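**Q** Before I ask anything, let me first share the structure, which is written out below as structure tokens.
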Amino acid sequence: MVQVRKATVEDAAAMAVVHTAAWKAAYRGEMPDAYLDGLDATEATGRWRHALAHRGEGQATNLVLEDDAGTVVGIAGVGPERLVEVTSGPGPRPSDEDSSVGELWMINLHPASWGKGLGRRLLESATQELRAAGYREAVLWVLDTNARARRLYGRAGWAADGASRRTARSIRSGPYGAIIGAAAAAAIRPAKTNAGSRITTPPRADRRARARYRRRC
Ligand SMILES: CC(C)(COP(=O)(O)OP(=O)(O)OC[C@H]1O[C@@H](n2cnc3c(N)ncnc32)[C@H](O)[C@@H]1OP(=O)(O)O)[C@@H](O)C(=O)NCCC(=O)NCCS
């Protein structure tokens, strides 16, 4: 039976495999080949183990999706909205500075499991998790070119809110930075701890555009 549950430290290796494989498949042509080729599940396992073992306030709650065979084929992370520099469209709203806005920090399926409805299932669980954590609204960031993910979000009731940004976050901090929270790049901070401030990002190597999507939880 397909099920979604909270991740534990024991899931670190499986999560690293899913994360690495998903990025290599999804972002080929979008990120430098050398960067994607360098992603290594063994190395990522250590980062995931650390993130799962040291989860603190302001960091993500991670979920795993197990397929019928009990294999972890999907991972998702939810938490407070992270304050990032918005390059056009609406910036942080007043509500960004309290804890009422959550964020889907990441969602990844192993490529062998794409196109079976499992992303939808995992996204539903992630949204429930945001609701259970008390969020009434949530945001996520998606690459303009990520048609598959945008289809998933659109079908699930998420809609672009007009904000976009171009940052080097993913290249600089790697896919794993995004889930580690406090250890991630300086551009990423939980909004609550940076109330009122705008974060300045370092010089950018990567100008890919991302759109912000939003929905009520
Ligand atoms: C984004 C991602 C999670 C979406 O997963 P997905 O499997 O494509 O999404 P869904 O679960 O919605 O599956 C929908 C597809 O499965 C098909 N499908 C097959 N059986 C289905 C079922 N029982 N229920 C629903 N859809 C089903 C649908 O027809 C649909 O096909 P389509 O997209 O060609 O129209 C996945 O592609 C992924 O991990 N990508 C890499 C990482 C990434 O981009 N993450 C998002 C960053 S913002």
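**Q** Give me the one-decimal nm value for the distance between modelled label points at T145 and A69, 7 Å along each residue's Cα-to-Cβ direction.
**A** Calculated label separation equals 3.2 nm.
**Q** Net charge near A44: determine it from the other residues with C-beta under 15 Å of the C-beta of A44, scoring Lys and Arg +1 and Asp and Glu -1. Let's see the in-between values first.
**A** Details: positive: K24, R47, R49; negative: D11, D37, D40, E43.
Neighbour charge sum, excluding A44 itself: -1.
**Q** Quick one: if the Förster radius is 45 Å, what FRET efficiency do S88 and M1 give, using the C-beta to C-beta distance and rounding to 0.05?
**A** Numbers: r = 44 Å, r/R0 = 0.98.
In this case the efficiency is close to 0.55.
**Q** Can you tell me the FRET efficiency between R155 and E10 if r is taken as the Cβ-Cβ distance and R0 is 35 Å, rounded to the nearest 0.05? Before the final figure, lay out the partial values.
**A** Values: r = 32 Å, r/R0 = 0.92.
Working from the Cβ atoms, E equals 0.60.
**Q** Let me ask something else. Which percent of the accessible heavy-atom area of region 1-70 goes to carbon and sulfur, probe 1.4 angstrom? Show your work: numbers first, answer last.
**A** Values: 1760 of 3500 Å².
The computed percentage sits at 50.
**Q** Also: Assuming R0 = 25 Å, what is the FRET efficiency of R136 and E30, from their Cβ-Cβ distance, to the nearest 0.05?
**A** Rounded to the nearest 0.05, the efficiency is 0.15.
The values are calculated or read from the model by the stated rules, or taken from the named source; none is laboratory data. Because the structure is a prediction, the values reported are computed rather than measured. All Cβ positions, even for glycine, are placed from backbone atoms using ideal geometry, and neighbour counts span all protein chains on display. For the accessible areas, the whole protein counts, side chains as well, though only heavy atoms, and no ligand, DNA or RNA atoms are used. Shrake-Rupley method; radii C 1.70, N 1.55, O 1.52, S 1.80 Å.
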